[in-house]
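Below you'll find the structure, written out as structure tokens, and then a few comments.
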Amino acid sequence: MPSNEKSLSNKLVAALMFTKKSREEYVCLPCLKTCKSAHGYTNLITHLRSNHPTYLEDASQAAKDRNALRLLVIDEETRDILQWCEWVVIDRLPLNFVERKMMRQNASLSQISEKTLKSYLMRVFDDVEDSSDYFEDTDCYTRRFLLLAFCPLDVEEDLGAQSLLNLIADTLSRYNKPWDAVHFMVADICNVNQYIGSREGGLPMVECASHRFNLAVTDYLTSYEELLSKIHALVTKLRTIKGRAILRRVTELSPVHRNDTRWSSTHSMVQRYTRLEPALNSLGHGTLVEFGIQPLLLRKAESERAHALLEVLNDFEGVTKTLQRSTLTLSGARRLFDLVCQRYPQLKSRLSPTAAVVNYVALETGIVKLQRKEPLTAAERTACAEFRRFNPGTTDTATSMQSTLELSLVQQAFKKRKTSKRSLYNDVAFIPPTSNECERFFSAVKLVYTDLRKRLDASTLEMLMFLMYNKDM
């Protein structure tokens, strides 16, 4: 018997020799007889052996006819399972979605149970997690982010530095990686993260540029707090049912108030106020007094100050959006901060390269210089030692000397010198200046872990987010 016929699995033979009629019924293509097979392919293969002695040769020929290029044949059931997994993971659907009546009635995919789907998801999760090729992208900087773990701490009440260090160590051991495999971390400026970055044996820390800028803008807006409080009180009044009804008489715009989590909401509030101000002025004095809005209106000097503040906030908003770019480097962030400090010196205490809030000045300035191909100081060379090449490139001196000797004296004197000096350090453009990728990831988790799915266990949530985030691997 030919070796290629022996290699055909029962599953592939069944796919080639039968067509699926229903969930448990299959039609034999040679004799058109209906065979039942609820689990596995034993009944189907038994039918072929009893009634079609040459079924292996026929299946092999069918495989050649369908697959002239001898590519890997993927059966319909496997494709359906893959599409189920993609559908549930990418669209953030609950696992029991596959068992809903309307879904089964309208979906063209073969039916599958929640338990079976979860088992296949776990297989994919384990295969990706255990793959030896997982870390082969170390020198490929086109893929900047991978999710390695997403799980709660062992003791959720303990959010101290040691608990986070233990979590990092457990994650590294999960992938058989030593502690030295981590060269840096990018994190917000909080006491726990700064302790991890400064302690002996800790992880060199790069402060999140977005967080630094948020703190700087918050400090800057302190002198405008009285004005902002008056605008907030006015828009709060206008957001009531009666206030909105009055505004609808003269404009379609709605008021926007600020919140305490992001300073960008302050920009939105002031911007919307400046657009609502002409509409408010068009309302009659009696109407404003009747509904209690008149006492909350800003005086002329305050209004002019609000318009001037908006111009500053527009600059800050542009910087914030630029920091959100996934392709931004530390050098680009430093250029932004240098220009901001030049125009707004009040922000230097937060944004200067040597600000007190910077956990490891030599590391950050060294990375910026490496990205700009500038020479490093002694402290920066020590801080960036982890990024140094093991075997830096050198020019081939022997080849160069041989080619020079073959030239005449005049030719040697006027020969153009070609310099091809290779950097002693690896390309560090992959180091992100912000932790915004984590913020976006947490926002994606909220779309999965909704109020209706609070019973979802931590391991299943981690599996779903792991597969969704690493879908391009």
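The values are calculated or read from the model by the stated rules, or taken from the named source; none is laboratory data. In this text, all values refer to a predicted model and were calculated from it rather than measured experimentally. Don't worry about glycine lacking a Cβ; one is built from the backbone with ideal geometry, like all the others, and counts go over all protein chains shown.
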Inside the stretch 172-212, can you point out the residues that are part of a strand (DSSP E or B) and hydrophobic (A, V, I, L, M, F, W, C)?
-> Met185, Val186, Ala187, Met205, Val206
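Return the only residue of Asp180, Asp188 being over 25 Å from Leu464 (Cβ atoms), at pLDDT 80 or above, touching a Ser or Thr at 6+ places or on another chain (Cβ under 7 Å) and charged (D, E, K, R). Explain how you work it out, then say what you get.
Details: Asp180 fails: touching a Ser or Thr at 6+ places or on another chain (Cβ under 7 Å).
Selected residue: Asp188, the only one of Asp180, Asp188 that is over 25 Å from Leu464 (Cβ atoms), at pLDDT 80 or above, touching a Ser or Thr at 6+ places or on another chain (Cβ under 7 Å) and charged (D, E, K, R).
Would you mind stating whether Thr377 is more than 33 Å from the chain's Cα centre (by Cα), surrounded by 11 or more Cβ atoms within 10 Å (Cβ to Cβ), farther than 30 Å from Lys471 by Cβ and at pLDDT 90 or above?
yes
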Can you name every residue in the stretch 237-253 that is assigned to a helix (DSSP H, G or I) and surrounded by 14 or more Cβ atoms within 10 Å (Cβ to Cβ)?
-> Lys237, Leu238, Gly243, Ile246, Leu247
Those residues that are farther than 18 Å from Ala333 by Cα and loosely packed, with under 13 Cβ neighbours inside 10 Å, I need them from the stretch 308-321; list them, please.
-> Ala308, Glu311
Which one is surrounded by the fewest Cβ atoms within 10 Å (Cβ to Cβ), of the residues in the stretch 108-122 that are under 29 Å from the mean Cα position of the chain (by Cα) and among the hydroxyl-bearing types (Ser, Thr, Tyr)?
-> Ser119
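In the set Phe430, Phe390, which member is modelled with pLDDT of 85 or more, aromatic (Phe, Trp, Tyr) and not in a helix (DSSP H, G or I)?
Phe430
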Which residue, of Leu467, Leu452, Leu409, is under 20 Å from the mean Cα position of the chain (by Cα), at pLDDT below 90 and more than 30 Å from Thr365 (Cα to Cα)?
-> Leu467
All positions within the stretch 188-201 that are touching a strand residue (DSSP E or B) at 6+ places or on another chain (Cβ under 6 Å) and either free of Cβ contacts under 8 Å to residues at least 12 places away in the same chain or within 22 Å of Asn426 (Cβ to Cβ) (or both) = Gly197
So how many residues does the stretch 454-473 have that are out of contact with any Cys (no Cβ under 9 Å at 6 or more places or on another chain) and surrounded by fewer than 14 Cβ atoms within 10 Å (Cβ to Cβ)?
-> 6
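What residue, of Thr327, Thr354, is modelled with pLDDT under 85 and within 33 Å of the chain's Cα centre (by Cα)? Give the steps one after another, and end with the answer.
Numbers: Thr354 fails: modelled with pLDDT under 85.
Result: Thr327 is the single residue among Thr327, Thr354 that is modelled with pLDDT under 85 and within 33 Å of the chain's Cα centre (by Cα).
Residue-wise test of (1) of a type in the set (A, V, I, L, M, F, W, C); (2) modelled with pLDDT of 90 or more; (3) within 27 Å of Leu146 (Cα to Cα).
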| position | (1), (2), (3) |
| --- | --- |
| Ile196 | yes, no, yes |
| Gly201 | no, no, yes |
| Val206 | yes, no, yes |
| Asp219 | no, yes, no |
| Tyr224 | no, yes, no |
| Val256 | yes, no, no |
| Ser264 | no, no, no |
Might you check whether a residue that is under 49 Å from the mean Cα position of the chain (by Cα), under 25 Å from Leu109 (Cβ atoms), part of a strand (DSSP E or B) and not hydroxyl-bearing (Ser, Thr, Tyr) occurs anywhere in the stretch 36-44?
-> yes
